[in-house]
Ligand code: CAP
Ligand code: MG
């Protein structure tokens with residue numbers, strides 16, 4: 001540790017050119033101050049020992065400042081000059097402030113809780129092409145939540161069976177049908193053929209219902225193939241694509257966004273819990289959500305605020321929803337706030353273990369500016385997919401009309417059946 005480079009200055013106030021990081025730091029048998037010195041060094045210009053090659057110019061220009069240490073909550077704030085980072089290069093930014101430091105022996109646990117990006121970095125990213133406004137215009141759904149399903153079984157159906165299940169969900173009343181996160185192009189279900197069959201089914205469903213219907217094919221693949229698949233969707237008249245952003249990687253998401261295909265990008269977060277779930281160590285979903293919005297996904301899975309099957313504290317899910325659906329947010333104990341005037345918004349997606357009976361509680365917690373998705377909660381309906389879709393739409397209509405679901409169910413047999421089935 002280079003003792004000459006003092007990284008702590010509790011009197012420092014970050015400037016508009018600083019990127020500020022909020023960490024939860026649990027030191028390993030050393031003081032939190034010493035741990036912070038190591039973290040600040042390793043995430044910027046230093047290393048574990050003094051080096052003969054360090055010079056005053058480097059330290060003066062690029063040394064970060066630990067300016068806040070709360071010994072009770074273990075919350076630490078570090079301000080990094082924007083010059084440490086390359087504009088529009090998310091991998092480099094995260095390799096610095098979310099890289100080696102997680103593996104350092106000086107910390108028992110370390111969690112990256114939030115990042116405040118300076119305007120110069122925010123404005124170097126494209127952000128979503130459509131945003132919530134563009135999605136509502138495209139789908140012609142002004143107020144209510146978008147409701148959708150995931151084709152189940154997750155994988156296994158052939159292209160025609162897949163399209164048939166999608167058709168049933170659409171004619172039953174759902175707006176959106178997506179591929180599951182582990183369905184790409186399989187021996188039993190070829191991507192190109194699935195897209196053709198399912199978009200064909202979408203067109204028939206639109207004619208039958210008079211409503212806009214959306215299919216979100218999963219284009220997750222090696223980047224060249226991903227772009228080929230996305231272009232195929234575009235050529236076949238698709239308007240959305242879905243990608244698993246974490247298994248795909250940040251650069252690939254940026255490649256997809258930079259291709260400017262005019263397709264709505266839906267971001268699935270499979271694998272996120274490997275780094276977000278431990279409240280003491282890893283990276284918060286709030287950080288992943290901000291990164292995803294900056295790079296440019298139009299929709300993002302953020303959890304169900306403890307209504308469904310996946311983990312995710314209610315308050316954290318609401319913090320995430322605010323961070324992706326608003327330009328300006330205030331800082332709180334666990335968030336640094338933001339002010340992103342030139343970045344469009346990202347629509348929150350609630351999914352995972354949801355069924356029609358969950359709708360009132362889900363919408364009362366997360367609001368109606370969301371996509372609510374039901375896999376088992378649609379295809380698991382005792383009367384099948386069409387009835388499951390009807391029940392979801394009926395429960396949503398009831399909520400929008402401020403009618404209790406049980407009352408509405410008296411004249412909505414599919415909802416009544418769902419409420420009884422999933423008591
Ligand atoms: C939901 C789902 C979603 C998860 C994702 C699944 O299916 O398709 O991928 O909900 O979770 O495969 O589990 P069900 P999250 O509706 O049948 O649960 O949105 O929290 O990332
Ligand atoms: Mg899934």
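The values are calculated or read from the model by the stated rules, or taken from the named source; none is laboratory data. Just so it is clear, the structure is predicted and the values come from calculations on it, not from any experiment. Cβ: placed from backbone, ideal geometry, glycine included. Neighbour counts: every protein chain shown.
Here are some notes:
- Selected residue [closer than 30 Å to residue 295 by Cβ, in a helix (DSSP H, G or I) and in contact with a strand residue (DSSP E or B) (Cβ under 9 Å, 6 or more places away or on another chain)] from 362, 354: 362
- Residue check for residue 96: assigned to a helix (DSSP H, G or I) and either more than 18 Å from the chain's Cα centre (by Cα) or not assigned by TED's automatic domain parsing to the domain that holds residue 207 (or both): yes
- Residue check, residue 324 over 30 Å from residue 20 (Cα atoms), within 16 Å of ligand 1 (Cβ to nearest atom) and in contact with a helix residue (DSSP H, G or I) (Cβ under 9 Å, 6 or more places away or on another chain): no
- Residues of segment 374-396 that are within 16 Å of ligand 2 (Cβ to nearest atom), in a loop (DSSP other than H, G, I, E, B) and crowded, with 20+ Cβ neighbours inside 10 Å: 375 alone.
- Verdict on residue 67 being assigned to a strand (DSSP E or B), in contact (Cβ under 8 Å) with a residue 40 or more places away in the chain and under 33 Å from the mean Cα position of the chain (by Cα): yes
- One residue stands out in segment 169-180 among those that are within 16 Å of ligand 1 (Cβ to nearest atom) and surrounded by 20 or more Cβ atoms within 10 Å (Cβ to Cβ): the one that is farthest from residue 210 (Cα to Cα), namely 179.
- Matching residues, segment 222-248, being surrounded by fewer than 17 Cβ atoms within 10 Å (Cβ to Cβ), in contact (Cβ under 8 Å) with a residue 24 or more places away in the chain and not in a helix (DSSP H, G or I): 236, 237
- Odd one out for residue 76 among (1) in a helix (DSSP H, G or I); (2) touching a helix residue (DSSP H, G or I) at 6+ places or on another chain (Cβ under 7 Å); (3) crowded, with 18+ Cβ neighbours inside 10 Å: (1)
- For residue 188, the conditions (1) more than 30 Å from residue 412 (Cβ to Cβ); (2) under 22 Å from the mean Cα position of the chain (by Cα); (3) more than 15 Å from ligand 1 (Cβ to nearest atom) are fulfilled apart from (2).
Table: residues versus (1) within 20 Å of residue 240 (Cα to Cα); (2) surrounded by fewer than 24 Cβ atoms within 10 Å (Cβ to Cβ).
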{"residue": "286", "(1), (2)": "no, no"}
{"residue": "289", "(1), (2)": "yes, no"}
{"residue": "294", "(1), (2)": "yes, no"}
{"residue": "297", "(1), (2)": "yes, no"}
{"residue": "306", "(1), (2)": "no, yes"}
{"residue": "310", "(1), (2)": "no, yes"}
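- Any chance residue 193 is assigned by TED's automatic domain parsing to the domain that holds residue 273, farther than 30 Å from residue 87 by Cα and within 16 Å of ligand 1 (Cβ to nearest atom): no
- Only one of the numbered conditions (1) more than 16 Å from ligand 2 (Cβ to nearest atom); (2) part of a loop (DSSP other than H, G, I, E, B); (3) under 30 Å from residue 262 (Cβ atoms) is not met by residue 105, and that is (3).
- When residues of segment 311-326 are limited to those that are part of a helix (DSSP H, G or I) and at pLDDT below 90, the one nearest to ligand 2 (Cβ to nearest atom): 314
- The test for being closer than 21 Å to residue 308 by Cβ and within 26 Å of the chain's Cα centre (by Cα) does not hold for residue 337.
- Qualifying residue in segment 111-124 (condition: in a helix (DSSP H, G or I) and exposed (fewer than 14 other Cβ atoms within 10 Å of the Cβ)): no
- Set side by side, the residues 342, 334 differ, and just one is in contact with a helix residue (DSSP H, G or I) (Cβ under 8 Å, 6 or more places away or on another chain), away from ligand 2 (no atom under 16 Å from the Cβ) and under 17 Å from residue 123 (Cα atoms), which is 342.
- Single unsatisfied condition, residue 27 versus (1) over 29 Å from residue 254 (Cα atoms); (2) surrounded by fewer than 19 Cβ atoms within 10 Å (Cβ to Cβ); (3) in contact (Cβ under 8 Å) with a residue 12 or more places away in the chain; (4) in contact with a strand residue (DSSP E or B) (Cβ under 9 Å, 6 or more places away or on another chain): (2)
- Checklist (1) outside any helix (DSSP H, G or I); (2) farther than 16 Å from residue 177 by Cα applied to residue 371, failing item: (2)
- Condition check for residue 370: away from ligand 2 (no atom under 16 Å from the Cβ) and either buried (at least 22 other Cβ atoms within 10 Å of the Cβ) or in contact (Cβ under 8 Å) with a residue 60 or more places away in the chain (or both): yes
- Given (1) away from ligand 2 (no atom under 16 Å from the Cβ); (2) surrounded by 21 or more Cβ atoms within 10 Å (Cβ to Cβ), index of the condition residue 349 fails: (1)
- Residue 355 vs. criteria modelled with pLDDT of 95 or more and within 16 Å of ligand 2 (Cβ to nearest atom): yes
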